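Written out below as structure tokens is the structure these notes cover.
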Amino acid sequence: MSAWLITGGAGFIGSNFVRAVAADAPAPIVVLDALTYSGNLASIAELIEARRIQFVHADIRDPDTLTELFARHDFQRVVHFAAESHVDRSILGPRAFVETNVVGTLNLLAAARDRWQGNFAQRLFLHISTDEVFGTLAATEPPFNESTPYAPNSPYAASKAASDHLVRAWHHTYGFPAIITNCSNNYGPWQFPEKLIPLMILNAIEGRELPVYGDGLQVRDWLHVADHCDALRVVLERGTVGATYCIGGGQQHTNLQVVSSICDLVSERLGQAPRAARRLIRHVEDRPGHDRRYAIDSGKVRRELGWSPRFDLMASLPELVDWYLAHADWVAGIRSGDYLRFYEQQYSHRLRKTS
């Protein structure tokens, strides 16, 4: 029986996508996830219990497991989210990013090609990547688009760029049916709390210091994860094999603007004085090689496939703060010892310097 394979389906974007497609997917869904620190079965537990998806606990770094999985299922669609994705972690330990993002993607491409060889029709490999492969933008430069040269500046970005190049090479060398998407910064429910928005929401709720790198004026283009999932579904349905699509929310804000807005919302929700939580903001030593600005031109996916984002970041933040307030159990479960060790390693020395 034909099926879909979704890698990294217990992670932030992957789990949101799994929930979005589980209700009406045209084929059974197999979710593969290694359940490292950022993967959490609680994000998709109800779908597993209801048998709307099949979960496989496995690692894309294991080629034998992938070969066996492709032999067992006739996958028509592979949607590849599985990746190490946090820049700070990549600076501390780049090897894991190369092993998962590069070698893991190579393993997945090889398993798919071996199984699909001679029968690429009606098959598709959708590779989800990032705008960080394009490097950084000056304040006056136009946004990234599909023809922007690659210029990765962090180990994470370099590993994703390498995986993009592998997917592109598989298509051009073997005729492999692949599409690449490059998205801007995602936000929304179920996001692991090492990322900016959930980190700041949770720290503000708990009255903890809010570490903001440098002057906080780095600009990001924010994309709601629901909009991203909608775009991916459109690409799966109508995208051109061999194409690349840039997906952005068109919401450019500085990190300091986002953190300040979160502070004010948390102060309101907790019955504090207006802007009280802003006193928790601490400008800390910037991280090495910090890109100044990202922005995406989504014109191609809008024109060719009819997609457009629905969510505005600032209008969405109140609901998101409420979500994290209402999901304290999920937050407690995912904040493992690994997360606490990383937080101590990444921020504690910087915060001590500001005190």
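To the nearest Å, what is the center-to-center distance of region 255-309 and region 29-52, using C-alpha atoms only? If we compute the Cα centre of each part, the gap is 28 Å.
Just check region 40-195 against the gyration tensor rule for me: Cα atoms, a ≥ b ≥ c as the square roots of the eigenvalues, rounded for a/c under 1.5, and otherwise prolate or oblate depending on whether a/b exceeds b/c. Note, shape of region 40-195 comes out oblate. Take every Cα pair under 8 Å in the chain that's 6+ residues apart, average their separations, divide by the length, and report that relative contact order as a whole percent. It rounds to 17 percent for the chain. Computed on the Cα atoms alone, the convex hull of the chain gives a volume of 129 cubic angstrom per residue.
Take peptides 242-248, 34-40, 269-275, 120-126 and line them up by average Cβ neighbours within 10 Å, highest first, as a rough protection proxy.
Highest to lowest by the protection proxy: 242-248, 34-40, 120-126, 269-275.
Other residues with beta-carbon under 13 Å from the beta-carbon of HIS127 carry, at +1 per Lys or Arg and -1 per Asp or Glu, a net charge of +2.
Taking the 0 to 90 degree range and rounding to the nearest ten, how far is the long axis of helix 12-22 tilted relative to the main principal axis of the chain, both from C-alpha atoms? Once rounded, the angle reads 50 degrees.
For the chain, the longest principal axis of the Cα atoms and the long axis of helix 225-238 meet at an angle of about 20 degrees. In region 185-313, Cα pairs under 8 Å separated by at least six residues give a relative contact order of 37 percent. Residues in the chain average 41 Å² of solvent-accessible surface per residue, probe 1.4 Å, ligands and nucleic acids excluded. Amide hydrogen proximity for ASN186: with H placed 1.01 Å from N in the peptide plane, the residues at 5 or more positions away or on another chain lying under 5 Å are LEU223. Overall, the accessible surface of region 183-230 at a probe of 1.4 angstrom is composed of carbon and sulfur to the extent of 56 percent. Taking the inverse of the mean reciprocal distance over all distinct Cα pairs, the Kirkwood hydrodynamic radius of region 207-315 comes to 16.0 Å.
When only Cα pairs below 8 angstrom with a gap of at least 6 residues are kept, region 118-160 shows a relative contact order of 44 percent.
The C-alpha atoms of the chain define a longest principal axis, and helix 313-326 lies at about 90 degrees to it.
The residues LEU196, LEU223, sorted by heavy-atom accessible surface at 1.4 Å with ligands and nucleic acids left out, run LEU196, LEU223 from largest to smallest. Around GLN76, under 14 Å between beta carbons, what's the net of Lys plus Arg minus Asp minus Glu among the other residues? Around GLN76, the charge tally is +1.
The values are calculated or read from the model by the stated rules, or taken from the named source; none is laboratory data. Worth saying up front: this structure is predicted, and the values here are computed from it rather than measured. No Cβ is skipped: glycine too gets one built from the backbone with ideal geometry, and neighbour counts run over all protein chains shown. These accessible areas exclude ligands, DNA and RNA; they are computed on the full protein's heavy atoms, side chains included. Shrake-Rupley method; radii C 1.70, N 1.55, O 1.52, S 1.80 Å.
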